[in-house]
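Presented below is the structure to which this report refers.
Quick note: the coordinates plus some simple rules give every number you see, no bench work behind them. Since we're looking at a predicted model, the values are computed, not measured. Heads up, the Cβs are rebuilt from the backbone with ideal geometry, glycines too, and the neighbour counts pull from every protein chain shown.
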Ligand code: NI
């Protein structure tokens, strides 16, 4: 189905009040924009739970002075080279580096990469942003 369709949603008063407060807090221009985003997020979660191709970004913060750490990170990324699309490295300060690893492939493989990266001793922070390749979601 193409084009835009209008739908009606019935909500209890207190739920609508909480939703409107959330919409304002998050900075959405309208309820419709907020609902669209929520629907997309739900569909992306479903993609990540399935077997299709997904995309995302792994972010890491670490101290590059820690012996062997940077080499181990590169080694893990080479082991997963088929799903690593690009890597951006930012020198945050004298010690700390931020790395953003853009990934695309099977969700299970991406989770596997994340697990191996998290297991590298000395990683201070890691997070995965789950996105979609956009193929399945309009
Ligand atoms: Ni650095």
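Summary table below
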quantity	calculated
Ranking of 7, 110 by count of other Cβ atoms within 10 Å, fewest first	7, 110
Ordering of 14-22, 39-47 by burial proxy (mean other Cβ atoms within 10 Å per residue, highest first)	39-47, 14-22
Degrees between helix 69-79 axis and first principal axis of the chain (Cα, 0 to 90, nearest 10)	70
Quotient of Cα Rg and 2.2 N^0.38 Å for the stretch 1-66, N being how many residues it contains	1.65
Choice from 53, 99, 37 with maximal GNM fluctuation in the chain (Cα, 10 Å cutoff)	37
Nearest-ten-degree value, helix 13-26 long axis tilted from longest Cα axis of the chain	40
The chain: angle of helix 31-49 to the longest principal axis, Cα-based, in degrees nearest 10	50
Largest-first ellipsoid semi-axes for the chain, taking √(5λ) over the Cα gyration tensor eigenvalues, angstrom	37, 19, 12
